[in-house]
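This report concerns only the one structure given below.
Bear in mind these aren't lab numbers, they're just calculated from the coordinates by the rules spelled out. Not measured: the values here are computed from a predicted model. Quick reminder, even Gly has a Cβ in these numbers, built from the backbone with ideal geometry, and neighbours come from all protein chains shown.
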Amino acid sequence: MMPTDWSIVLNLSLPWIVVFAAATVTLLASASARLRTSPLVALTALAGIITAFVLSWQQWISGSGPIIATLAFDRLSSFGWLLILGIAALTILMSFSYLQDRHAGHPEYYALLLFSAIGMGVLISGYDLITIFIGLETMSVAIYALAGFFRERPQGNEAALKYFLTGAFASAFLLFGIAFLFGTTGTTDVGMIAAQQNQVLSSDLRSSFLFGLAMLVIGFGFKVAAVPFHAWAPDVYDGAPTPITAFMATAVKVAAFIAFLRIASAVLVLTGVLWEHLAWGLAVATMLVGNLAAIAQDNIKRMLAYSSIAHAGYLLVAFTALAQDPTGLSRGILFYLVAYLLMTLGAFAVVTATQETGEAADINLLAGLSKRRPWAAAMLALFLFSLTGFPPTIGFFGKYYLFLGTVKAGFIWLVVIALLNSAISAYYYLRPIVVMYFHEPRETEEKHALPLASPLVAVIAITAISVFLFGLLPTNLLAIVEHSVMAFLQ
């Protein structure tokens with residue numbers, strides 16, 4: 001590269017550098033006994049995230065950047081990076097009081113969170129399969145450690161080990177697929193693979209190429225917890241610290257789906273009916289298994305884990321018809337990801353508020369919450385209604401935009417199945433509301449309310465306001481999503 005090119009790279013990657021610097025500072029703070037429990041560590045991490053968010057927003061406003069080396073600095077990557085930074089900031093706020101109550105305010109917790117976010121940024125921006133793999137592993141390794149952060153908890157150790165083993169399998173499948181794609185096309189560049197795809201599919205290398213794509217889909221299937229690659233999710237979500245569960249359920253899924261969208265829209269859709277049939281089967285199986293398994297759960301974290309699986313199925317509905325209307329369906333996918341992360345983060349924040357100093361997440365602990373903490377019960381009800389798809393919440397418009405494009409593409413029966421699954425989900429989403437408002441609290445339950453100044457309350461308020469306002473006025477968010485999609489598809 002010429003020197004001027006390096007200056008462009010430095011400017012475009014400045015948000016990543018800021019987050020990396022904040023992560024390094026928080027990690028070095030662990031060497032000081034005084035700083036290990038200081039609020040300054042969390043504030044430093046939060047300041048780095050906010051600074052990077054402002055810089056990334058400016059990059060999004062300035063428009064799409066170039067593809068430099070193996071990274072695409074377009075509006076899609078900026079939009080995805082903004083979502084990741086927002087989730088990371090809310091997770092830090094959610095974690096502060098959570099860790100303080102458990103006397104576990106270690107700086108490495110925040111450092112791992114930030115390093116994972118950097119990996120997600122690389123994953124979203126990757127325009128080369130090797131770069132995507134590096135981003136995926138950077139993201140995953142940090143979360144393996146965070147899942148088992150409380151080493152004295154057997155459930156946490158189990159969660160970390162299961163996530164590590166399944167993650168290793170996912171990485172193996174992904175690398176296997178990359179090897180076959182490189183062997184058949186001679187490149188790992190996504191654009192060059194797409195350019196050669198028609199030629200390869202009409203040659204003797206067709207079977208090897210399709211096998212590589214199948215391995216690629218399996219690798220991403222593990223990361224988004226699509227059926228039948230979902231078995232790790234309930235145990236890992238249940239055993240991990242609740243803020244990390246929220247981070248995994250939202251940030252990991254957002255990053256993986258945006259990277260998958262980039263690959264699917266460029267490569268997978270060119271296989272025609274083969275991709276449509278595969279995505280159709282994955283979507284139906286994921287929705288059905290996620291929703292039916294969630295009905296039987298008495299642990300709210302496991303219930304939200306299966307809910308997360310079901311929502312991955314809803315997103316795969318749009319992926320099925322991506323070739324027919326890439327603009328409209330990409331817009332629906334991104335809008336739904338925003339809706340999903342707000343609803344899920346808010347729900348996990350309320351669960352964190354009810355846990356006090358323990359890790360129990362039995363649904364019966366919500367009994368009488370409407371009397372003990374009326375505002376928390378009302379907020380959780382809002383999130384659950386939105387997850388179900390009731391208007392006027394962002395969840396309703398998320399499903400509307402997602403399914404509308406799929407119907408226009410002609411996949412009417414697939415949308416009918418998705419709507420029936422949404423109806424099934426109403427049972428387990430409404431059950432916690434019944435427990436909160438119609439069941440009496442146990443005598444051992446505490447009667448006090450959380451301090452209104454708690455950062456956890458700020459997370460609940462931010463997500464609740466966003467869910468409600470974007471439900472009433474979705475056009476502003478939709479405009480941002482449309483600009484991101486148009487630049488990405490040009």
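Sequence-distant or interchain residues sharing an amide H contact under 5 Å with ASP128, placed H: which?
Those lying under 5 Å, H to H, from ASP128 are VAL190.
If you rank GLU440, GLU137 by fewest surrounding Cβ atoms within 10 Å, what's the result?
Final ranking by Cβ density, sparse to dense: GLU440, GLU137.
What Kirkwood Rh does the stretch 272-490 have if only Cα atoms enter the pairwise 1/r average? Answer in Å.
Hydrodynamic radius (Kirkwood, Cα only) of the stretch 272-490 equals 18.0 Å.
Rounded to a whole number of µm²/s, how large is the Stokes-Einstein D of the chain at 10 °C and 1.306 mPa s, given Rh as the Kirkwood radius over C-alpha pairs?
Value of D from the Cα-based Kirkwood radius: 70 µm²/s.
Can you bin the stretch 57-188 into rounded, prolate or oblate? Criterion: square roots of the alpha carbon gyration tensor eigenvalues sorted a ≥ b ≥ c, rounded for a/c under 1.5, prolate for a/b above b/c, oblate for the rest.
Oblate shape, in that a/c is at least 1.5 and b/c is the bigger or equal ratio.
I need ASP128, ASP204 ordered by Cβ neighbour count within 10 Å, fewest first.
ASP204, ASP128
What angle do you read, to the nearest 10 degrees and between 0 and 90, between the alpha-carbon axis of helix 14-28 and the longest principal axis of the chain?
Its long axis makes an angle of about 40 degrees.
Once you have the Cα-Cα distance between ALA285 and PHE438, take 0.36 nm times their residue separation minus that, and quote the gain in nm to one decimal.
51.7 nm
For the stretch 280-336, what is the convex hull volume of the alpha-carbon atoms per residue, in Å³?
About 56 Å³ per residue, rounded to a whole number.
Can you list the HN-Hα couplings for the stretch 409-417, worked out from phi with the Karplus curve (6.51, -1.76, 1.60; θ = phi - 60°), rounded to whole Hz and with x for Gly and Pro?
Ordered by residue, 3J(HN,Hα) equals 7, x, 8, 5, 5, 5, 5, 4, 4 Hz.
Determine the relative contact order of the chain: mean sequence separation of Cα pairs under 8 Å and six or more apart, normalised by residue count, in whole percent.
It comes to 15 percent, rounded to a whole number.
Give, rounded to the nearest 20 debye, the magnitude of the charge dipole that the chain has about its Cα centre when Lys and Arg contribute +1 at Cβ and Asp and Glu contribute -1 at Cβ.
480 debye
How would you order 243-250, 155-162 from highest to lowest mean count of nearby Cβ atoms within 10 Å?
243-250, 155-162
Considering only Cα-Cα distances, which of the following residue pairs are longer than 24 Å: LYS162/LYS223; LYS223/LYS399; LYS223/LYS408; LYS162/LYS301; LYS253/LYS371; LYS253/LYS408?
Pairs exceeding 24 Å: LYS223/LYS408; LYS253/LYS371; LYS253/LYS408.
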